[in-house]
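The structure under discussion appears below in the form of structure tokens.
The values are calculated or read from the model by the stated rules, or taken from the named source; none is laboratory data. Computed from a prediction, not measured in an experiment: that's the story for all the values here. Here the Cβ is made from the backbone with ideal geometry for all residues, glycine too, and neighbour counts use every protein chain on show.
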Amino acid sequence: MDAYWKQASQILLRIRYVERQRAGNRGRNQLGWRSLTNRHPSLQSVSNGIDHAAAPIRPMSTDSPNIVMVSIDSLRGDHCGFLGDDRGLTPTMDDLAAEGVAYETAVAPGPQTFSSMPPIFTGQPRPQTTLEDYPQESHWERRLASIDSHLRRNETLPERLQARGYDTAGVTPNPWTTAASGFDRGFDHFEDFSTCNKTNWPAAVAERLPGVDTDSRAVQLVINMAAGSEFFAPWERLHTEIKRLRRQLSEPYFLWVFVLDTHFPFIPKRRHREEQSLFGTYYSAYRSSEPMRGNGEGMSERVRQSLQRSYRDTVRATDTFLRELRLELAADDPVMLVHSDHGESFGDHGNYGHHHRQVYEENIHVPYLVHNAGSSETVSAPTSLMTIPETAVTIAEEGSFDPAAGTDRQALAASECGTHRAVRRDRYKYVASDGDRELFDLQTDPGEADNIAPSFPELSRRLDRQLQRRDHHIAESTNIHRTVNRLVANRTL
């Protein structure tokens, strides 16, 4: 760890020098344009799946509403006022929820971005995978290929809206939701703030430093911190680009923004720090980095409390972004869909962050609201975030939607490889993790501390069968796609 920070300091000093030399010349314009074939999808042979065929399209009216979707990384549901928190962290989100539709039991499809955002974009669960089916060299590249395969097989929300006449734009710094994983599909304008392609100038500086391994993930994190990219991109860095894109968009438009302020490391800017000091921000980030990234056993209570202060300040920062965005787009009168992709652990079940892949409430119970779509109510039934695409398309076509249409008696969540899965019902929740089976009564045990599975064997078996049916359905669907792909490749279809 000391060697890591020594190398980090060397890189940062050099980068600061170059920053001074480049003052006034910074900026980027990586506007991506999708080809016209995205507006007219056709069957194509692909390596790991088959592109979807175009669905019947309803022509859009000139009165079709603008739609803004804000995805928030790692925001726990229990830190939002409209979901019961009393610390005043989310006043803007609370106002949007009070004026619109608030989902009290929204369930993320997975406990990490790569297991959650692909299903959120397609409305379809990702097949469970160990990534061994993909030929790429690194684990990182295989995961990107797996996400891309899922998005190829299933029409995404931006593709559906684009085909209905919407001008579409996306802004994301998250490396799992970039062009490298196929997330640019369906976007007329796509701004990628990740640095996985290594073309940013801090990376170029690091390349020139002797003894620095720029392929090291640790070094990449330092480069990203200096560049304000990837997991270090504050919403302020995205803000200018969002305003530029808005000037280019024609109505009706769909704008998607993915903000990462609440993703570890939690480094809120000074204007957002109400509980944490600058020293405390970096101290807690440094001391908690191993357990938060899944490489350590735990942390002291002092560090944990300091870390949570930083986290709460990033929640405040994110809410400020929503306030600014709402004010700037007020004249467009957009429908707003706001949600988190998953939550975050702070030792709730002996683990931290979300790299552990657990599916307890702190990791899959998330905020979700729909504002300015003709309804104002609170929905308490379990609702999977996989219903977002259908909700957005219905709003685009009809101007309103039925808030209860996306509810389910039991919402499901699963990790990428399927080792951790859960069924969330109104009262009970069933968790299957690495062979262990747990049942919780969330009405009397919201913290999921008392496993009552031995006392309710029939209910446990019934919910376990629900998970098995889900697995069978996904496997069957995947096999069909693979078979069709082979037929297309052999020109027999």
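Yes/no per residue for (1) aliphatic (A, V, I, L, M); (2) under 18 Å from the mean Cα position of the chain (by Cα):
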position: V359; (1), (2): yes, yes
position: E362; (1), (2): no, yes
position: H365; (1), (2): no, yes
position: G399; (1), (2): no, no
position: A414; (1), (2): yes, yes
position: T419; (1), (2): no, no
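Residue by residue, here is whether (1) out of contact with any helix residue (DSSP H, G or I) (no Cβ under 7 Å at 6 or more places or on another chain); (2) at pLDDT below 90; (3) polar (S, T, N, Q) holds:
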position: S277; (1), (2), (3): yes, no, yes
position: Y282; (1), (2), (3): yes, no, no
position: S289; (1), (2), (3): yes, yes, yes
position: N295; (1), (2), (3): yes, yes, yes
position: G298; (1), (2), (3): no, yes, no
position: E301; (1), (2), (3): yes, no, no
position: R304; (1), (2), (3): yes, no, no
position: Q308; (1), (2), (3): yes, no, yes
position: Y311; (1), (2), (3): yes, no, no
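Which residues, taken from the range 442-491, are in a loop (DSSP other than H, G, I, E, B), modelled with pLDDT of 95 or more and not aliphatic (A, V, I, L, M)? Q443, T444, D445, P446, G447, E448, D450, N451, F456 - these are the residues of the range 442-491 that are in a loop (DSSP other than H, G, I, E, B), modelled with pLDDT of 95 or more and not aliphatic (A, V, I, L, M).
Among the residues making up the range 415-441, a single one is in contact with a Ser or Thr (Cβ under 7 Å, 6 or more places away or on another chain), hydrophobic (A, V, I, L, M, F, W, C) and either farther than 22 Å from P127 by Cβ or at pLDDT 95 or above (or both): L439.
Evaluation of D348 against the conditions (1) surrounded by 20 or more Cβ atoms within 10 Å (Cβ to Cβ); (2) touching an Asp or Glu at 6+ places or on another chain (Cβ under 6 Å) shows that the sole unmet condition is (1).
For residues in the range 453-487 being of a type in the set (A, V, I, L, M) and touching a Phe, Trp or Tyr at 6+ places or on another chain (Cβ under 7 Å), which is surrounded by the most Cβ atoms within 10 Å (Cβ to Cβ)? Talk me through it step by step, then tell me what you get.
Step one: list which residues in the range 453-487 are of a type in the set (A, V, I, L, M), which gives 453, 459, 463, 467, 474-475, 480, 484, 487.
With touching a Phe, Trp or Tyr at 6+ places or on another chain (Cβ under 7 Å) added as a condition, the list becomes 459, 463.
Values: L459: 15, L463: 25.
This residue is L463.
For every residue, the table says whether it meets (1) assigned to a loop (DSSP other than H, G, I, E, B); (2) within 20 Å of Y253 (Cβ to Cβ); (3) in contact with a helix residue (DSSP H, G or I) (Cβ under 9 Å, 6 or more places away or on another chain); (4) at pLDDT 95 or above.
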| position | (1), (2), (3), (4) |
| --- | --- |
| R142 | no, no, no, no |
| S146 | no, no, yes, no |
| L151 | no, no, yes, yes |
| E155 | yes, yes, yes, yes |
| Q162 | no, yes, yes, yes |
| A169 | no, yes, yes, yes |
| P175 | yes, no, yes, no |
| R185 | yes, yes, yes, yes |
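Filtering the range 385-399 to residues that are farther than 19 Å from H472 by Cα and touching a strand residue (DSSP E or B) at 6+ places or on another chain (Cβ under 9 Å) leaves L385, T387, I388, T391, A392, I395, A396, G399. Sort out which residues of the range 348-367 are aliphatic (A, V, I, L, M) and assigned to a helix (DSSP H, G or I), and write them in order of number. The answer is I364, and nothing else.
What's the number of the condition Q308 fails, among (1) in a helix (DSSP H, G or I); (2) buried (at least 23 other Cβ atoms within 10 Å of the Cβ)? Evaluating Q308 over (1) in a helix (DSSP H, G or I); (2) buried (at least 23 other Cβ atoms within 10 Å of the Cβ) leaves (2) as the failure.
Could you please let me know if R270 is farther than 28 Å from S384 by Cβ, charged (D, E, K, R) and at pLDDT below 95? So that I can check it myself, show each step before the final result.
On the way: farther than 28 Å from S384 by Cβ: yes; charged (D, E, K, R): yes; at pLDDT below 95: yes.
Yes; evaluated as a whole, the condition is true for this residue.
G170 fulfils the conditions (1) within 18 Å of H263 (Cβ to Cβ); (2) surrounded by fewer than 22 Cβ atoms within 10 Å (Cβ to Cβ) except for a single criterion, (2). Report yes if W256 is of a type outside the set (G, A, S) and at pLDDT below 95, otherwise no. No; evaluated as a whole, the condition is false for this residue. The residues of the range 368-418 that are farther than 26 Å from D464 by Cα, in a loop (DSSP other than H, G, I, E, B) and of a type in the set (S, T, N, Q), listed by number, are N372, S375, S376, S400. When restricted to residues that are surrounded by 23 or more Cβ atoms within 10 Å (Cβ to Cβ) and free of Cβ contacts under 8 Å to residues at least 40 places away in the same chain, the range 259-305 contains 3.
From the set of residues in the range 334-347 that are in contact (Cβ under 8 Å) with a residue 60 or more places away in the chain and in a strand (DSSP E or B), which is farthest from G84 (Cα to Cα)? Steps first, answer last, please.
Going through the range 334-347, the residues in contact (Cβ under 8 Å) with a residue 60 or more places away in the chain turn out to be 334-344.
This time we only want the ones that are in a strand (DSSP E or B), so: 335-340.
Working: V335: 24, M336: 21, L337: 20, V338: 17, H339: 16, S340: 16 Å.
Of everything passing the filter in the range 334-347, V335 is farthest from G84 (Cα to Cα).
Summed over the range 451-481, the residues that are acidic (D, E) and more than 30 Å from the chain's Cα centre (by Cα) give a count of 1.
The set of residues in the range 165-179 being touching a Ser or Thr at 6+ places or on another chain (Cβ under 8 Å), of a type outside the set (V, I, T) and touching a residue at least 60 places away in the same chain (Cβ under 8 Å) consists of G165, Y166, D167, P173, N174, W176. Listed by first and then second residue, the pairs with beta-carbon distance under 6 Å, at least 6 apart or on different chains, first residue in the range 79-103 and touching a residue at least 24 places away in the same chain (Cβ under 8 Å) and of a type in the set (K, R), second outside any helix (DSSP H, G or I) and crowded, with 20+ Cβ neighbours inside 10 Å, form an empty list.
Scanning the range 69-122 for residues that are under 24 Å from D333 (Cβ atoms), of a type in the set (S, T, N, Q) and assigned to a loop (DSSP other than H, G, I, E, B) turns up just one, T90.
Only one of the numbered conditions (1) in contact with a helix residue (DSSP H, G or I) (Cβ under 9 Å, 6 or more places away or on another chain); (2) in contact (Cβ under 8 Å) with a residue 60 or more places away in the chain; (3) not in a loop (DSSP other than H, G, I, E, B) is violated by R437, and that is (2).
Residues that are surrounded by 21 or more Cβ atoms within 10 Å (Cβ to Cβ) and within 15 Å of T478 (Cβ to Cβ) within the range 103-126 comprise P118, P119, T122, P125, R126, listed in sequence order.
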